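Read the structure below first, then the notes.
The values are calculated or read from the model by the stated rules, or taken from the named source; none is laboratory data. On a predicted model such as this, the values are computed, not experimentally measured, just so you know. Positions of Cβ are generated from backbone atoms using ideal geometry, with glycine treated the same way; all protein chains shown enter the neighbour counts. With ligands, DNA and RNA removed, areas are computed over all heavy atoms of the protein, side chains included. Shrake-Rupley method; radii C 1.70, N 1.55, O 1.52, S 1.80 Å.
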Amino acid sequence: MDFTFFFPTRLVFGQGKFSLLGEETARLGRRALLVTYPPRSLARVVAQAQELLARHEVEVTLFAEAAPNPTHHTVDRGAELARQAGCDVVIGLGGGSAMDVAKAIAVAAPENAGIWSIYEGRPISAPSLPVVAVPTTAGTGSEATFYTVISNPELRRKEGFARPQFFPKVSIIDPLLTLSLPPRITAETGMDTLTHAVEAYTSRLASPVSDLLAAEAIRLVGLYLRRAVADGGDLEARTQMLLANTLAGIAITHADTCLAHVIGEAVGAVFDTPHGLSVTLALPAVMEYNCLSNPGKYAGITRLLGAGEGLSERDAALQSPGLVRSLIADIRLPAGLAAIGVAESDEVTALVNRPGMDASNPRPADAKAFELLIRGSLSPSMSYWQFGGV
Ligand SMILES: [Fe+2]
């Protein structure tokens, strides 16, 4: 029951709130580095952002290189640009990669050091630049976390790093920005949100406060993800999914993620698969592995997803992985990692099977458990239980 809860980010949530970007940024600095994707995908929103910032006399330097699965090289190039341009605030506009790169640049630029050396333990001594985060997907929750997920292609690693300096100062969270997301990205990012919520809810680090946030996020995804995928213009579904995303982000900041993220990030590092999809396809097997270690929580997940009425706690808990598999099928995502080119790989096994990787997971995992979990995530006809796992 012991916990501390600290959350320093100002959340500005609501339809049309993107129009406050200039005003909110001008309070923090006069020269902004605007971090986003290569221009084509977000051209209209980037142009709007530039106009909103100009109206409040904020000078903008554009850094449109935050591609999916961003590397430490991208962060270091952005930090160099921020130093050269004398930027005093960093804006991350886009999905998780744009926000994560912005957060990492804000630490690396004043530090005048490569971001990977900071990840490896170099102390942060210079004050970091303030960050304004503006999500355009309802997925990673990066606008509400102190994580960045950055890849190191030389070391074949992709991991989340936590530092208090990574909290954005302000996040502008506007559902109108998510209306144009195609169904597949809506599905993948929405399932990343569910994975955050389920993992925070069941984590060993869960607290009464993170439970409230995670439980509500599970409930909202259960009610609204199918709708957001079926009709991208469903503004109520988009709004509720973006809320779920932010709530789940705050929850993982306090309770961490568990083995679906450990496996999904290792798969992403080796096979360069999208984050949301990799963690989603690992989630059902991880739930099968975990559910009897904390039946109360897993029965809770079943009930938050609108099922399990009249069932015993044990039976409701055992139903929860199947409900997630049904959701994955309904939103037309592939049912296993094999369908996105992932095969059994010693490299993935080596990345997950390191000391402490199961620290937050409700059930300890050894090498054999990891092997079965990865095999159980590969194909829809495989499950952790079918491999004889208990
Ligand atoms: Fe995630």
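Hey, got the dipole for region 138-257? About the Cα centre, +1 on K and R Cβ, -1 on D and E Cβ, debye to the nearest 20? The dipole magnitude comes to about 220 debye.
The modelled label-to-label distance for the pair Asp272/Arg31, using points 7 Å beyond Cα in the direction of Cβ, is 3.5 nm.
With N counted as the residues of region 10-178, its alpha-carbon radius of gyration over 2.2 N^0.38 Å works out to 0.93. Over all Cα atoms in the chain, the spread is summed up by Rg and Dmax: 20.0, 64 Å. Note on the chain: dipole from Cβ charges, positive end direction compared against Ser293, Ser180, Ala244; the farthest Cα belongs to Ser180.
Among Pro208, Pro70, Pro321, the largest mean-square fluctuation in a Gaussian network model of the chain (Cα springs under 10 Å) belongs to Pro208. Solvent-accessible surface of region 183-387, taken per residue with a 1.4 Å probe and all protein chains present: 35 Å². Surface composition of the chain: carbon and sulfur atoms hold 54% of the protein heavy-atom accessible area at a 1.4 Å probe.
Gain in length, Asp346 to Arg332, computed as 0.36 nm per residue apart minus the alpha-carbon separation, to one decimal in nm?
Net length gain for the segment: 2.1 nm.
Remark: region 10-178 carries a charge dipole of roughly 120 debye about the Cα centre, counting +1 on each Lys and Arg Cβ and -1 on each Asp and Glu Cβ.
I want to verify the translational diffusion coefficient of region 234-390 in µm²/s; compute it with Stokes-Einstein, Rh as the Kirkwood radius over Cα pairs, at 20 °C and 1.002 mPa s. My calculation gives 133 µm²/s for D.
The dipole here belongs to the chain: it is taken about the Cα centre, uses +1 on the Cβ of Lys and Arg and -1 on the Cβ of Asp and Glu, and is about 320 debye.
DSSP finds beta bridges in the chain, and of those with both partners inside it, around 20 percent are antiparallel. Note on region 10-178: dipole from Cβ charges, positive end direction compared against Tyr37, Ala144, Val131; the farthest Cα belongs to Ala144.
Near His275: Cβ cut-off under 15 Å, other residues only, Lys/Arg at +1 and Asp/Glu at -1. The net charge is -4. If you run the Gaussian network model on the chain, springs between alpha carbon atoms under 10 Å, then out of Ile340, Ile218, Ile172 the most flexible one is Ile340.
Using the Cα centre of region 10-178 as origin and beta-carbon charges of +1 (Lys, Arg) and -1 (Asp, Glu), tell me which of Ala108, Gln84, Gln165 is placed farthest towards the positive end of the dipole. So the residue we want is Gln165.
Highest GNM mean-square fluctuation among Val348, Val229, Val209, for the chain modelled with Cα contacts below 10 Å: Val209.
For region 95-145, what is the accessible area per residue in Å² when the probe is 1.4 Å?
Roughly 23 Å² per residue, with all protein chains present.
Phi-derived couplings, Karplus 6.51 cos²θ - 1.76 cosθ + 1.60 at θ = phi - 60°, listed residue by residue for region 241-246: 5, 5, 5, 4, 4, 5 Hz, with x used for Gly and Pro.
Label zone of His56 (point 7 Å out along Cα→Cβ, amide N under 14 Å): in region 159-181 this covers 169-173.
Centroid-to-centroid, using Cα positions, region 129-205 and region 299-361 are 19 Å apart. A protection proxy built from the mean count of other Cβ atoms within 10 Å ranks the segments 182-189, 12-19, 356-363, most packed first, as 182-189, 356-363, 12-19.
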